[in-house]
Amino acid sequence: MRFSQLAASAAFLFVAAPVSAQVASPQRAVTDPRSIDSPANADAQPVPVEDLAYSRTLGATSWSRDGKEIYLVTSLTGRNNIWKIPASGGWPVQLTRSDDSQSGLIPSPDGKLLYFLQDQGGNEQYDVYAVPTQGGAVRNLTNTPELRETTPLIGPDGKTAVMATKLKTEGQVNLALFDLGTGKTTPLVKESDPQLRWSPTAWIDGGKAIIAARENSDSTVAEIWRVDVPSGKATLILGKAKTIYEAADVSPDGKLIAVTTNEGTGQLRAALYDIAAKRWRALKPTPWAQSAGGFSPDGRSFTVRTIEDGRSTVALVDVATLAERPLALPPGLNSLSGGETSFSPDGRRLLASHSGADTTADLHIVDVASGQPSPVTALGLASLTPANLPKSQVVTYKSFDGTLVSAIVTVPFNLKRDGSNPAILLPHGGPTGQSQDGFNRTATALASRGYIVMQPNVRGSTGYGQAFQTANYQDLGGGDLKDVIAGKQFLVASGYVDPKKVGITGGSYGGFMTLMAVAKTPDEFAAGVQLFGIINWFSMYEQADPLLKEYIVSLLGDPVKDKGVYTATSPMTFIKDIKAPLLSLQGENDIRVPRGQAQEVADILKAKGTPNDVVFYPAEGHGFAKRENQIDSLKRTIDWFDKYLKGSSAGTAAGASQ
């Protein structure tokens, strides 16, 4: 469970001392800092925060069963609800109306109902709901406040679904069968180890069994199993210590599994596994993270996605030859959409999403024969034209121990290379996460106001190999923080940035990194804004959801046995040295990083006399889903940095509950 997905004393510093050897990752050239450039643009203006917030999000999507419509979750009304649009293009029609967000769209086999997931106020206790595809009353089919249901898959009979379930009081994730007619849930697989979680992948053998995944809490081990239905008898197909085997899909004839694995390479790659023959066929080697996708309805091809240093491509792969044919999506953040399958029922089209640093996310239909995409949504406001939005560049620099670190740098227009400009470091969530070169509201808002923004993929990030991903275990806020500092030094070396005008902000693990940065390295950053970050690993462990507790243990060890690690990696240990003004933003219902973490920060800084503020947003979880709170939090962030990095006191933020 990652902090960004549900999904971290000097006397103890030796416990978390970073290794001095360079951490392995894909080879790439180091960027000359002076190659960073601020282009001229006479029309450049600060992007209004409201325009960013009113540019709608793109969430879960699905084809209708006949392929004539597309269901999607988007924030057209300021809430992430379900809409439908004709696949040929046309006006969207709203299907659900709720203050709570929806996800996991799956149409019923007869096409009359759309199943989806919904929680309450961001608490992540999901139930399974249904709404008629022609409109009508929404029904909660499970209504189990103490049990979370996710990833439902409807069986061939159209009457039974298999789904992952988790009790509030347990860390492990199990499998259950769900009768779509009666609402009755029957356990299928009961996991005893709180470190492990199951999820269904595909039905096989005409509904007699499923292919399922079983992985540990930090996603460093994953196995593929066959589970018979309804007996629950589980048979291991692929599994090995310290190895990932992730099943993406099963071919229509049930013979092949599309697999993502790091077996023998330490880097994720896509392959096909013949179940009966127990034989592998892997795609051509690549140093970059690659993941298998779904099969076409005729079984002749499957999809694959490759993330190369923060930018992603999608390709179709011929099952017979393993020849890859890239889809013609623009550079940036590209992924396949569509829930159960990205392919249309006739197999001729694919659903894909694309965004870039200067392009908001939109849904595309890709013609399978030609590979050419056509946009079917226009979710950004007209004011957000690429010509007037800041551009990004992927850079690579060396950290303190020679480790290569990549980052996405968004550069404002019209800056002078005179060492006078402010900058913001924006570490991602996770820590097992990755910043990718897509549209980022915070980066765009700040860069359009004259801040150079860097999103570093420090050690611990995904996409750069297993050794890199685990390089900060029991060292959070150690080597990874030094990677952030090296990023700051890179920006200063560009000639644009004043080292005394650098701030830091981030959410979840990025919030933890913000806290650690301003506390452990108090002279490096002039201001910070932390969103739902961890201040104290001891109280975090005590307050956390049981599944998240297991993730914490996987990163830091046991809180009793490894007490020194918890102390050395807690910003609480260093907070006495903080100098930078700090703003904290927190959702009231956050189960990943509970409210108490932000309250601890506020209480400490108030007693210490450090300039600070804290805002708690009601009915919000791990991240702010409601438009008014997105606007308020981003305005507060801008105001904070304007005040403490630029000396401005414009004050644009609206009021919010505190």
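Values quoted throughout were computed directly from the atomic coordinates according to the rules given, and no laboratory measurement underlies them. Everything quoted here is computed from the prediction, not taken from an experiment. Positions of Cβ are backbone-derived with ideal geometry, glycine not excepted, and every protein chain shown enters the neighbour counts.
Key figures for this structure:
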{"item": "In sequence order, calculated HN-Hα J values of the range 116-131 (Karplus, 6.51, -1.76, 1.60; Hz; x Gly/Pro)", "result": "7, 10, 8, 10, 10, x, x, 7, 6, 8, 6, 10, 9, 10, 9, 9"}
{"item": "Pairwise centroid distance, computed over Cα atoms, of the range 109-153 with the range 509-566, Å", "result": "33 Å"}
{"item": "Label point distance in nm, Lys563-Asp274, each placed 7 Å from Cα along Cα→Cβ", "result": "5.8 nm"}
{"item": "Neighbour-count order for Glu600, Glu146, fewest beta carbons within 10 angstrom listed first", "result": "Glu146, Glu600"}
{"item": "Span from the the range 397-462 Cα centroid across to the the range 349-368 one, whole angstrom", "result": "24 Å"}
{"item": "Thr265/Ser231 FRET efficiency (R0 41 Å; Cβ-Cβ; nearest 0.05)", "result": "0.70"}
{"item": "For Asn457, residues with placed amide H under 5 Å, excluding near neighbours", "result": "Ser406, Ala407, Ile408"}
{"item": "Sorted largest first, extent of the range 233-392 alpha carbons per principal axis (Å)", "result": "55, 35, 32"}
{"item": "Spatial extent of the range 376-438: Rg and Dmax, with the Cα atoms as the point set, Å", "result": "15.5, 47"}
{"item": "19 Å Cα-Cα reach of Lys563 towards aspartates and glutamates, excluding residues that sit fewer than 8 places from it in its own chain", "result": "Asp475, Glu542, Glu550"}
{"item": "Simple label model, 7 Å out from Cα along Cβ direction - Asp418 to Val93, nm", "result": "6.0 nm"}
{"item": "Pairs beyond 19 Å (Cα-Cα), from Lys242/Lys482; Lys168/Lys190; Lys242/Lys398", "result": "Lys242/Lys482; Lys242/Lys398"}
{"item": "Overall dimensions of the range 489-572 by Cα: Rg and Dmax, Å", "result": "15.2, 47"}
{"item": "The range 70-173: Cα Rg divided by the 2.2 N^0.38 Å rule of thumb", "result": "1.10"}
{"item": "Potential extension, Arg348-Asp577 segment - 0.36 nm per residue separation minus Cα distance", "result": "76.4 nm"}
{"item": "Gyration tensor verdict on the range 172-230 (Cα atoms; rounded if a/c is under 1.5, prolate if a/b is larger than b/c, oblate otherwise)", "result": "oblate"}
{"item": "Per residue Cα convex hull volume in Å³ - calculated over the range 499-658", "result": "102 Å³"}
{"item": "Over the chain: Rg over Rh, Cα atoms, Kirkwood Rh", "result": "0.95"}
{"item": "Charged-residue dipole, Cβ positions (Lys, Arg, Asp, Glu), the chain about Cα centre, Debye nearest 20", "result": "520 debye"}
{"item": "Other-chain or far-sequence residues with amide H under 5 Å of Ser648's (modelled H)", "result": "Lys643"}
{"item": "Residues with amide H under 5 Å from that of Ser75, placed H, sequence gap 5 or more", "result": "Thr57"}
{"item": "Alpha carbon centroid spacing (whole Å) that separates the range 286-305 from the range 47-65", "result": "26 Å"}
{"item": "Shape category assigned to the range 344-403 from the gyration tensor of Cα positions, a/c cut at 1.5", "result": "oblate"}
{"item": "Sequence-separation-based contact order of the range 294-391, relative, with Cα cut under 8 Å and 6+ spacing, percent", "result": "19 percent"}
{"item": "Segment Ala42-Asp367, extension gain: residue separation times 0.36 nm, minus the distance between their alpha carbons", "result": "113.2 nm"}
{"item": "Spacing of the two label points (7 Å from each Cα toward its C-beta) at Gln599 and Lys112, in nm", "result": "4.9 nm"}
{"item": "Aspartates and glutamates with Cα under 20 Å of Lys184, excluding same-chain neighbours fewer than 8 positions away", "result": "Asp119, Asp127, Glu146, Glu149, Asp157, Asp228"}
